[in-house]
Number of protein chains: 2
Amino acid sequence: MALNKAELFDDKQKRIAELSKALAHPARIAILQLLAERANCICGDITDELPLAQSTISQHLKALKKSGIIKGEVDGVRTCYCLNEEVVEEFNDIITAFAQDLVISTTQNCC
Amino acid sequence: MALNKAELFDDKQKRIAELSKALAHPARIAILQLLAERANCICGDITDELPLAQSTISQHLKALKKSGIIKGEVDGVRTCYCLNEEVVEEFNDIITAFAQDLVISTTQNCC
DNA sequence: ATCGTATATCGCAATTTTACGATTAAAATA
DNA sequence: TATTTTAATCGTAAAATTGCGATATACGAT
């Protein structure tokens, strides 16, 4: 750990947690899958596809946006949401490495 | 999506969300790293290493255990926590695939 | 049998999350 | 200009999360 108690947690730990938190609800997974599936910006059809109220979806979109993994740009009366390529890559790198570390370490687990 | 509104979310979406939720706090990331780093069961030293009260850490351990990614077995007066190899692998598979899908799709993003 | 230690659980408070309907703002259309 | 449409925000309620100290439990050691 090499961390003083006072320092709380390091940036990497916080970032992994933050990105994980963005994915910590099935609706947000579904939104990301929709955005990936269509491979282009979709807008309010997210609302049609998911079993949640428009205001709730707007909140989930806001949560995803806060983490950086999606971006949204206003296009007239609609808003066009896309995956944010840089952050998707950051997420992929960071979570793949983390998961790999866990997998590797379990080979010498005691229980 | 191919999902009726009434069906809410599918099992895979729920499982990704559940595992992500387990990782959605820096303390829980730190705990997983500790368990991986030591490559064997550690017990209450988690409490010594982290800047949180014993009861709080016990709660975080419970959350991790609920997701399945760690297991704990009582060993006399102590409890020995380990990464759960099967679930770590499940997590690795599931999250790697999900991240990859996102990455691949961004190559034809419109914004 | 008693004491000390390790860990889980309880009770509580503060904060955050989730969800919804209602409202607002802004743009497109009639 | 008036109306409709899209999406964000507001207000609110219920539930979950986070954190802590205090307590309980259970085991090992004396």
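Brief remarks follow.
- For residue B:19, the requirement of being more than 7 Å from chain A (Cβ to nearest Cβ), at pLDDT 95 or above and over 30 Å from residue A:75 (Cβ atoms) is met.
- Residues within the range B:23-37 that are in contact with a Lys or Arg (Cβ under 9 Å, 6 or more places away or on another chain) and either open to solvent by 50 Å² or more (accessible area, probe 1.4 Å) or more than 8 Å from every other protein chain (Cβ to nearest Cβ) (or both), tallied: 1
- Residue B:67 being open to solvent by 50 Å² or more (accessible area, probe 1.4 Å) and hydroxyl-bearing (Ser, Thr, Tyr): no
- Of everything in the range B:73-111 that is within 14 Å of DNA strand D (Cβ to nearest atom) and assigned to a strand (DSSP E or B), the residue that is least open to solvent (accessible area, probe 1.4 Å) is B:80.
Yes/no per residue for (1) of a type outside the set (A, V, I, L, M, F, W, C); (2) modelled with pLDDT of 95 or more:
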site: B:61; (1), (2): no, yes
site: B:69; (1), (2): no, yes
site: B:77; (1), (2): no, no
site: B:81; (1), (2): yes, no
site: B:86; (1), (2): yes, yes
site: B:93; (1), (2): yes, yes
site: B:96; (1), (2): yes, yes
site: B:108; (1), (2): yes, no
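- Test: residue in the range A:48-69 that is within 23 Å of residue B:21 (Cα to Cα), assigned to a helix (DSSP H, G or I), β-branched (Val, Ile, Thr) and more than 10 Å from DNA strand C (Cβ to nearest atom): no
- Residue satisfying all of: in the range A:38-70; out of contact with any helix residue (DSSP H, G or I) (no Cβ under 7 Å at 6 or more places or on another chain) and away from DNA strand D (no atom under 11 Å from the Cβ); farthest from the other protein chains (Cβ to nearest Cβ) among these: A:38
- Residue within the range A:83-95 that is within 8 Å of chain B (Cβ to nearest Cβ) and closer than 30 Å to residue B:47 by Cβ present: yes
The values are calculated or read from the model by the stated rules, or taken from the named source; none is laboratory data. Values in this document were obtained by computation on a predicted structure and should not be read as measured data. Please note: Cβ atoms are built from the backbone with ideal geometry, for glycine as well, and neighbour counts cover all protein chains shown. Keep in mind that these areas ignore ligands, DNA and RNA; they rest on the heavy atoms of the full protein, side chains included. Shrake-Rupley method; radii C 1.70, N 1.55, O 1.52, S 1.80 Å.
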